[in-house]
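The values are calculated or read from the model by the stated rules, or taken from the named source; none is laboratory data. Since this is a predicted model, take the numbers as computed values, not measurements. Here the Cβ is made from the backbone with ideal geometry for all residues, glycine too, and neighbour counts use every protein chain on show. Accessible surface areas use protein heavy atoms only, side chains included; no ligands, DNA or RNA. Shrake-Rupley method; radii C 1.70, N 1.55, O 1.52, S 1.80 Å.
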Amino acid sequence: AEKNNMALVQDRDLGSQYSIAKLNYRNKAPKLRDEAGRVHQGWLGSKARQKLFLDGKITYRMIVLQKHGDISIEAEHATCAAVATSHEDETLAAEISPTLMTGKGKEGGAQQECLSGWYCCGKGEEYWDDLAATRTESTKFLTLPRELFGDYLTSFAKHLTEFYQTYPAVYPGQDNKKGIFLDIGGTGSVASGMTMVTSKFAHFAGPLDYWVLDSEPSAKKLSNAIVCDIDDCPAAQDCSYDVTFSFTVLEHAARPWKSFDTIARITKKGGLTLHLVPWSYQWHATPADNYRFSHTALTTLLQDRGFEVLDVGYDICNQPELVRQKRKDEHFEVIWLTYVVGRKL
(Lines give C-alpha, C1' and ligand atoms only; values in the text may rest on other atoms or scores of the structure.)
Protein backbone atom coordinates (compact mmCIF):
# COMPACT_ATOMS: atom_id res chain seq x y z
CA ALA A 1 0.00 0.00 0.00
CA GLU A 2 2.76 2.46 0.94
CA LYS A 3 4.62 1.69 -2.27
CA ASN A 4 1.54 2.75 -4.24
CA ASN A 5 0.92 5.86 -2.11
CA MET A 6 -2.09 4.38 -0.35
CA ALA A 7 -3.25 4.33 3.26
CA LEU A 8 -5.19 1.66 5.14
CA VAL A 9 -8.70 2.96 5.85
CA GLN A 10 -10.42 -0.18 7.10
CA ASP A 11 -9.43 -3.74 8.03
CA ARG A 12 -12.37 -5.95 9.02
CA ASP A 13 -12.07 -9.54 10.21
CA LEU A 14 -15.11 -10.94 8.39
CA GLY A 15 -14.45 -14.44 9.66
CA SER A 16 -15.08 -13.36 13.25
CA GLN A 17 -17.69 -10.70 12.49
CA TYR A 18 -19.96 -13.11 10.63
CA SER A 19 -19.15 -16.24 12.66
CA ILE A 20 -18.10 -18.13 9.55
CA ALA A 21 -16.65 -21.08 11.49
CA LYS A 22 -19.98 -21.68 13.24
CA LEU A 23 -22.58 -20.62 10.68
CA ASN A 24 -20.91 -21.63 7.41
CA TYR A 25 -18.61 -24.46 8.43
CA ARG A 26 -20.41 -25.74 11.57
CA ASN A 27 -16.97 -25.92 13.26
CA LYS A 28 -16.20 -29.08 11.29
CA ALA A 29 -13.00 -29.50 9.32
CA PRO A 30 -13.44 -31.62 6.18
CA LYS A 31 -11.24 -34.46 5.05
CA LEU A 32 -9.51 -33.70 1.77
CA ARG A 33 -10.29 -36.83 -0.18
CA ASP A 34 -12.03 -37.99 -3.31
CA GLU A 35 -15.73 -38.34 -2.47
CA ALA A 36 -17.93 -39.87 -5.16
CA GLY A 37 -15.52 -38.75 -7.85
CA ARG A 38 -15.58 -35.09 -6.84
CA VAL A 39 -12.02 -34.11 -7.56
CA HIS A 40 -12.53 -30.93 -9.58
CA GLN A 41 -10.67 -27.79 -8.56
CA GLY A 42 -13.70 -25.88 -7.33
CA TRP A 43 -14.80 -28.55 -4.85
CA LEU A 44 -11.32 -29.33 -3.57
CA GLY A 45 -10.51 -25.62 -3.31
CA SER A 46 -13.55 -24.86 -1.16
CA LYS A 47 -12.81 -27.78 1.16
CA ALA A 48 -9.16 -26.75 1.42
CA ARG A 49 -10.19 -23.21 2.39
CA GLN A 50 -12.58 -24.58 5.00
CA LYS A 51 -9.89 -26.76 6.59
CA LEU A 52 -7.26 -24.02 6.52
CA PHE A 53 -9.71 -21.53 8.07
CA LEU A 54 -10.70 -23.89 10.91
CA ASP A 55 -7.02 -24.76 11.47
CA GLY A 56 -6.29 -21.06 11.93
CA LYS A 57 -4.03 -20.89 8.88
CA ILE A 58 -6.10 -18.35 6.94
CA THR A 59 -8.88 -15.87 7.65
CA TYR A 60 -11.34 -13.77 5.67
CA ARG A 61 -10.70 -10.05 5.79
CA MET A 62 -11.98 -6.96 4.02
CA ILE A 63 -9.26 -4.39 3.35
CA VAL A 64 -10.11 -0.85 2.24
CA LEU A 65 -7.30 1.33 0.94
CA GLN A 66 -7.39 5.03 0.10
CA LYS A 67 -5.00 6.79 -2.20
CA HIS A 68 -3.22 9.71 -0.56
CA GLY A 69 -4.62 13.00 -1.75
CA ASP A 70 -8.21 11.74 -2.11
CA ILE A 71 -10.91 13.75 -0.38
CA SER A 72 -11.75 11.91 2.82
CA ILE A 73 -15.23 11.60 4.28
CA GLU A 74 -14.09 13.67 7.24
CA ALA A 75 -12.83 16.51 5.05
CA GLU A 76 -16.04 16.51 3.00
CA HIS A 77 -18.11 16.43 6.19
CA ALA A 78 -16.35 19.51 7.54
CA THR A 79 -17.27 21.61 4.49
CA CYS A 80 -20.74 20.18 3.78
CA ALA A 81 -23.66 22.62 4.04
CA ALA A 82 -26.22 21.71 6.71
CA VAL A 83 -30.00 21.71 6.62
CA ALA A 84 -31.87 24.59 8.26
CA THR A 85 -32.57 23.78 11.92
CA SER A 86 -34.45 25.88 14.44
CA HIS A 87 -32.66 26.98 17.59
CA GLU A 88 -35.88 28.46 19.00
CA ASP A 89 -38.82 26.85 20.76
CA GLU A 90 -41.08 27.40 17.77
CA THR A 91 -40.57 25.15 14.77
CA LEU A 92 -42.27 24.58 11.45
CA ALA A 93 -45.75 23.06 11.55
CA ALA A 94 -45.60 20.32 8.94
CA GLU A 95 -47.24 16.96 8.49
CA ILE A 96 -46.67 14.52 5.63
CA SER A 97 -49.49 12.17 4.70
CA PRO A 98 -48.66 8.47 4.10
CA THR A 99 -50.36 8.39 0.72
CA LEU A 100 -49.46 7.39 -2.82
CA MET A 101 -50.28 9.60 -5.79
CA THR A 102 -50.43 8.90 -9.52
CA GLY A 103 -47.90 11.67 -10.28
CA LYS A 104 -49.83 12.98 -13.28
CA GLY A 105 -50.03 16.76 -13.07
CA LYS A 106 -48.31 19.41 -10.97
CA GLU A 107 -50.10 18.60 -7.72
CA GLY A 108 -49.34 14.89 -7.65
CA GLY A 109 -52.45 13.83 -9.49
CA ALA A 110 -55.07 11.59 -7.94
CA GLN A 111 -54.55 9.47 -4.85
CA GLN A 112 -54.04 5.75 -5.45
CA GLU A 113 -54.88 3.05 -2.93
CA CYS A 114 -52.20 0.49 -3.77
CA LEU A 115 -48.60 0.29 -4.93
CA SER A 116 -49.77 -0.63 -8.43
CA GLY A 117 -52.53 -2.43 -10.26
CA TRP A 118 -50.86 -5.66 -9.15
CA TYR A 119 -50.02 -5.13 -5.47
CA CYS A 120 -51.27 -3.63 -2.22
CA CYS A 121 -48.71 -3.22 0.57
CA GLY A 122 -48.63 -2.70 4.32
CA LYS A 123 -48.86 -6.43 5.08
CA GLY A 124 -45.53 -6.86 6.88
CA GLU A 125 -46.74 -7.07 10.47
CA GLU A 126 -49.71 -9.22 9.42
CA TYR A 127 -47.33 -11.68 7.73
CA TRP A 128 -45.08 -11.91 10.80
CA ASP A 129 -47.98 -12.41 13.22
CA ASP A 130 -49.55 -15.11 11.05
CA LEU A 131 -46.23 -16.95 10.72
CA ALA A 132 -45.62 -16.74 14.48
CA ALA A 133 -49.06 -18.23 15.17
CA THR A 134 -49.00 -21.03 12.59
CA ARG A 135 -45.36 -22.02 12.06
CA THR A 136 -44.42 -25.69 12.26
CA GLU A 137 -40.66 -25.17 12.11
CA SER A 138 -38.29 -22.66 13.68
CA THR A 139 -34.85 -22.22 12.12
CA LYS A 140 -32.74 -19.58 13.82
CA PHE A 141 -30.89 -18.31 10.77
CA LEU A 142 -34.17 -17.84 8.87
CA THR A 143 -35.94 -15.89 11.59
CA LEU A 144 -36.27 -12.10 11.47
CA PRO A 145 -37.54 -10.01 14.43
CA ARG A 146 -41.00 -8.44 14.24
CA GLU A 147 -39.60 -4.91 14.39
CA LEU A 148 -38.18 -5.41 10.89
CA PHE A 149 -41.69 -5.66 9.43
CA GLY A 150 -43.74 -2.56 8.79
CA ASP A 151 -45.35 -0.19 6.32
CA TYR A 152 -42.90 1.80 4.19
CA LEU A 153 -45.37 4.64 3.62
CA THR A 154 -46.00 5.05 7.34
CA SER A 155 -42.25 5.04 8.04
CA PHE A 156 -41.45 7.58 5.31
CA ALA A 157 -44.26 9.94 6.33
CA LYS A 158 -43.32 9.72 10.02
CA HIS A 159 -39.65 10.51 9.51
CA LEU A 160 -40.30 13.28 6.98
CA THR A 161 -42.82 14.89 9.34
CA GLU A 162 -40.37 14.77 12.26
CA PHE A 163 -37.59 16.09 10.03
CA TYR A 164 -39.54 19.07 8.69
CA GLN A 165 -40.69 19.93 12.20
CA THR A 166 -37.07 20.73 13.11
CA TYR A 167 -37.05 23.61 10.60
CA PRO A 168 -37.54 27.20 11.83
CA ALA A 169 -41.16 28.28 12.16
CA VAL A 170 -40.54 31.10 9.63
CA TYR A 171 -38.86 28.85 7.08
CA PRO A 172 -37.63 29.64 4.44
CA GLY A 173 -37.07 33.10 5.97
CA GLN A 174 -36.57 36.49 4.39
CA ASP A 175 -34.41 35.26 1.52
CA ASN A 176 -37.21 32.85 0.53
CA LYS A 177 -34.62 30.29 -0.52
CA LYS A 178 -35.99 26.83 0.02
CA GLY A 179 -34.10 23.58 0.29
CA ILE A 180 -34.68 20.77 -2.20
CA PHE A 181 -36.34 17.36 -2.01
CA LEU A 182 -34.66 15.27 -4.73
CA ASP A 183 -36.67 12.37 -6.16
CA ILE A 184 -34.17 10.03 -7.84
CA GLY A 185 -35.72 8.28 -10.83
CA GLY A 186 -38.79 10.41 -10.30
CA THR A 187 -40.17 10.44 -13.86
CA GLY A 188 -40.69 6.70 -14.28
CA SER A 189 -39.26 4.52 -17.03
CA VAL A 190 -40.46 6.25 -20.18
CA ALA A 191 -37.91 4.27 -22.22
CA SER A 192 -39.76 1.09 -21.21
CA GLY A 193 -43.11 2.36 -22.41
CA MET A 194 -44.36 3.89 -19.18
CA THR A 195 -46.09 7.27 -19.08
CA MET A 196 -43.91 10.01 -17.62
CA VAL A 197 -44.87 11.17 -14.14
CA THR A 198 -43.77 14.56 -12.88
CA SER A 199 -44.99 14.92 -9.30
CA LYS A 200 -45.64 11.48 -7.80
CA PHE A 201 -43.94 12.36 -4.51
CA ALA A 202 -44.26 16.14 -4.59
CA HIS A 203 -46.41 15.91 -1.44
CA PHE A 204 -43.40 14.39 0.38
CA ALA A 205 -41.43 17.60 -0.24
CA GLY A 206 -43.41 19.52 2.38
CA PRO A 207 -41.78 22.97 2.75
CA LEU A 208 -39.05 22.14 0.21
CA ASP A 209 -38.90 22.56 -3.55
CA TYR A 210 -39.52 19.30 -5.40
CA TRP A 211 -36.92 18.21 -7.99
CA VAL A 212 -36.33 14.99 -9.88
CA LEU A 213 -33.09 13.34 -10.99
CA ASP A 214 -33.44 10.92 -13.88
CA SER A 215 -31.48 9.43 -16.75
CA GLU A 216 -34.57 9.71 -18.97
CA PRO A 217 -33.67 12.16 -21.80
CA SER A 218 -37.23 13.46 -22.09
CA ALA A 219 -36.93 14.81 -18.53
CA LYS A 220 -34.85 17.67 -20.00
CA LYS A 221 -38.07 19.49 -20.82
CA LEU A 222 -38.91 19.75 -17.12
CA SER A 223 -37.82 22.90 -15.29
CA ASN A 224 -37.15 21.00 -12.05
CA ALA A 225 -35.09 18.08 -13.39
CA ILE A 226 -31.47 17.01 -13.36
CA VAL A 227 -30.78 14.56 -16.19
CA CYS A 228 -27.94 12.13 -15.44
CA ASP A 229 -27.11 8.61 -14.29
CA ILE A 230 -27.21 8.41 -10.48
CA ASP A 231 -24.10 6.19 -10.60
CA ASP A 232 -22.12 9.17 -11.93
CA CYS A 233 -23.82 12.56 -11.82
CA PRO A 234 -21.52 15.61 -11.72
CA ALA A 235 -24.56 17.80 -12.46
CA ALA A 236 -25.86 17.18 -8.95
CA GLN A 237 -23.90 19.51 -6.70
CA ASP A 238 -22.23 18.49 -3.45
CA CYS A 239 -24.21 18.89 -0.21
CA SER A 240 -27.11 20.59 -1.97
CA TYR A 241 -30.20 18.52 -1.13
CA ASP A 242 -32.11 18.42 2.14
CA VAL A 243 -33.78 15.11 1.25
CA THR A 244 -32.66 12.44 -1.23
CA PHE A 245 -35.27 9.85 -2.09
CA SER A 246 -35.87 6.92 -4.43
CA PHE A 247 -38.81 4.60 -4.97
CA THR A 248 -38.07 1.17 -6.50
CA VAL A 249 -35.25 2.65 -8.58
CA LEU A 250 -31.85 1.57 -7.27
CA GLU A 251 -32.29 -2.08 -8.26
CA HIS A 252 -31.99 -0.82 -11.84
CA ALA A 253 -28.63 0.88 -11.24
CA ALA A 254 -25.65 -0.78 -12.87
CA ARG A 255 -23.47 -0.14 -9.81
CA PRO A 256 -25.63 0.78 -6.80
CA TRP A 257 -22.62 1.29 -4.54
CA LYS A 258 -21.76 4.21 -6.82
CA SER A 259 -25.36 5.37 -6.58
CA PHE A 260 -24.98 5.55 -2.81
CA ASP A 261 -21.65 7.35 -3.24
CA THR A 262 -23.55 10.02 -5.16
CA ILE A 263 -26.35 10.11 -2.58
CA ALA A 264 -23.83 10.60 0.22
CA ARG A 265 -22.03 13.33 -1.73
CA ILE A 266 -25.10 15.41 -2.57
CA THR A 267 -27.12 15.11 0.66
CA LYS A 268 -26.71 18.00 3.09
CA LYS A 269 -25.29 17.47 6.56
CA GLY A 270 -28.23 16.54 8.77
CA GLY A 271 -30.33 15.72 5.70
CA LEU A 272 -32.54 12.68 5.23
CA THR A 273 -32.22 9.90 2.68
CA LEU A 274 -35.13 7.49 2.09
CA HIS A 275 -35.25 4.52 -0.29
CA LEU A 276 -37.56 1.67 -1.22
CA VAL A 277 -36.09 -1.29 -3.13
CA PRO A 278 -37.16 -4.88 -3.82
CA TRP A 279 -35.98 -7.91 -1.88
CA SER A 280 -38.25 -10.64 -3.31
CA TYR A 281 -39.61 -9.46 -6.64
CA GLN A 282 -39.99 -10.69 -10.21
CA TRP A 283 -37.55 -9.76 -12.96
CA HIS A 284 -38.60 -6.38 -14.34
CA ALA A 285 -36.26 -4.95 -16.96
CA THR A 286 -37.36 -1.31 -17.10
CA PRO A 287 -34.97 -1.01 -18.86
CA ALA A 288 -32.60 -3.17 -16.74
CA ASP A 289 -32.95 -5.13 -13.51
CA ASN A 290 -29.74 -5.82 -11.60
CA TYR A 291 -29.97 -6.08 -7.80
CA ARG A 292 -31.98 -7.01 -4.71
CA PHE A 293 -31.31 -5.55 -1.26
CA SER A 294 -31.69 -7.00 2.23
CA HIS A 295 -32.05 -4.80 5.32
CA THR A 296 -28.41 -5.48 6.20
CA ALA A 297 -27.26 -4.44 2.72
CA LEU A 298 -29.02 -1.08 2.95
CA THR A 299 -27.73 -0.54 6.47
CA THR A 300 -24.14 -1.14 5.37
CA LEU A 301 -24.46 1.00 2.23
CA LEU A 302 -25.60 3.96 4.34
CA GLN A 303 -23.43 3.52 7.44
CA ASP A 304 -20.28 3.13 5.36
CA ARG A 305 -21.04 6.52 3.79
CA GLY A 306 -21.59 8.54 6.95
CA PHE A 307 -25.32 8.04 7.58
CA GLU A 308 -27.13 7.08 10.75
CA VAL A 309 -29.89 4.55 10.00
CA LEU A 310 -33.16 5.71 11.58
CA ASP A 311 -35.37 2.91 10.29
CA VAL A 312 -34.96 -0.16 8.10
CA GLY A 313 -37.29 -3.06 7.41
CA TYR A 314 -39.54 -5.01 5.08
CA ASP A 315 -42.99 -4.26 3.71
CA ILE A 316 -44.89 -7.16 2.20
CA CYS A 317 -47.34 -6.67 -0.65
CA ASN A 318 -50.03 -9.08 -1.86
CA GLN A 319 -52.07 -9.30 -4.99
CA PRO A 320 -55.72 -8.38 -4.34
CA GLU A 321 -58.17 -11.27 -4.70
CA LEU A 322 -59.59 -9.99 -7.98
CA VAL A 323 -56.09 -9.81 -9.48
CA ARG A 324 -55.30 -13.38 -8.43
CA GLN A 325 -58.55 -14.57 -10.00
CA LYS A 326 -58.30 -12.78 -13.33
CA ARG A 327 -54.65 -12.02 -14.07
CA LYS A 328 -51.63 -14.31 -14.33
CA ASP A 329 -48.15 -13.86 -15.72
CA GLU A 330 -44.61 -13.62 -14.27
CA HIS A 331 -45.75 -11.40 -11.36
CA PHE A 332 -45.19 -13.02 -7.96
CA GLU A 333 -48.32 -13.34 -5.84
CA VAL A 334 -46.42 -11.90 -2.86
CA ILE A 335 -43.48 -9.50 -2.96
CA TRP A 336 -41.13 -8.16 -0.31
CA LEU A 337 -39.87 -4.57 -0.44
CA THR A 338 -37.05 -3.22 1.71
CA TYR A 339 -37.15 0.33 3.02
CA VAL A 340 -34.56 2.46 4.77
CA VAL A 341 -34.41 5.94 6.28
CA GLY A 342 -31.05 7.52 7.12
CA ARG A 343 -29.72 10.83 8.36
CA LYS A 344 -26.37 12.21 7.20
CA LEU A 345 -24.10 12.85 10.17
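Quick one: length gained pulling V9 to A133 fully straight, 0.36 nm per residue minus the C-alpha distance? Don't skip to the answer; put the middle values down first.
Working: separation 124, 0.36 × 124 = 44.64 nm, distance 4.65 nm.
Working it through step by step, the gained length comes to 40.0 nm.
Want the number for A110 to R255: 0.36 nm per residue separation, take away the alpha-carbon distance, what's left? Write down the numbers at each step before the final one.
Numbers: separation 145, 0.36 × 145 = 52.20 nm, distance 3.38 nm.
Working it through step by step, the gained length comes to 48.8 nm.
Shape class for the range 223-310, computed from the alpha carbon gyration tensor (a ≥ b ≥ c): oblate, with a/c not under 1.5 and a/b at or below b/c. Return a single number: how many Lys pairs in the range 194-345, at a sequence separation of 8 or more or on separate chains, have alpha-carbon atoms below 20 angstrom apart. Eligible lysine pairs with Cα atoms under 20 Å apart amount to 7.
For the range 188-341, averaging the sequence separation of C-alpha pairs within contact (under 8 Å, six or more residues apart) and dividing by the residue count gives a relative contact order of 20 percent. In plain terms, the chain from T195 to E308 could stretch by 37.1 nm, reckoned as 0.36 nm per residue minus the Cα-Cα distance.
Spin-label pair K177-T143: with each label point 7 Å from Cα along the Cα-Cβ axis, the two points sit 5.4 nm from one another.
For K177, a cut-off of 18 angstrom between C-alpha atoms picks up these aspartates and glutamates, skipping any fewer than 8 places away in its own chain: D209, D238, D242.
Annotation note: trypsin sites (Lys or Arg not before Pro) in the range 228-307 located in DSSP loop regions with a Cβ neighbour count of at most 16 within 10 Å are R292. Between the Cα long axis of helix 256-266 and the first principal axis of the chain there is an angle of about 40°, rounded to the nearest 10.
A DSSP coil position with no more than 16 other Cβ atoms inside 10 Å describes the following trypsin sites (Lys or Arg not before Pro) in the range 99-143: K104, K106, R135. Here the accessible area of the chain is 51 percent carbon and sulfur, with a 1.4 angstrom probe and all protein chains present.
Measuring max minus min along each principal axis, the C-alpha atoms of the chain give extents of 75, 63, 43 Å (largest first). Compared with the dominant Cα axis of the chain, that is its longest principal axis, helix 152-164 is turned about 60°.
Of all lysines in the structure, those lying under 20 Å Cα to Cα from K57, and not within fewer than 8 positions of it along the same chain, are K22, K28, K31, K47.
Surface analysis of the chain yields an accessible area of 57 Å² per residue, using protein heavy atoms and a 1.4 Å probe.
Computed on the chain, with alpha-carbon pairs under 8 angstrom and 6+ residues apart, the relative contact order is 17 percent.
Here, the range 137-210 yields an orientationally averaged convex hull projection of 8.8 nm² when only Cα atoms define the hull.
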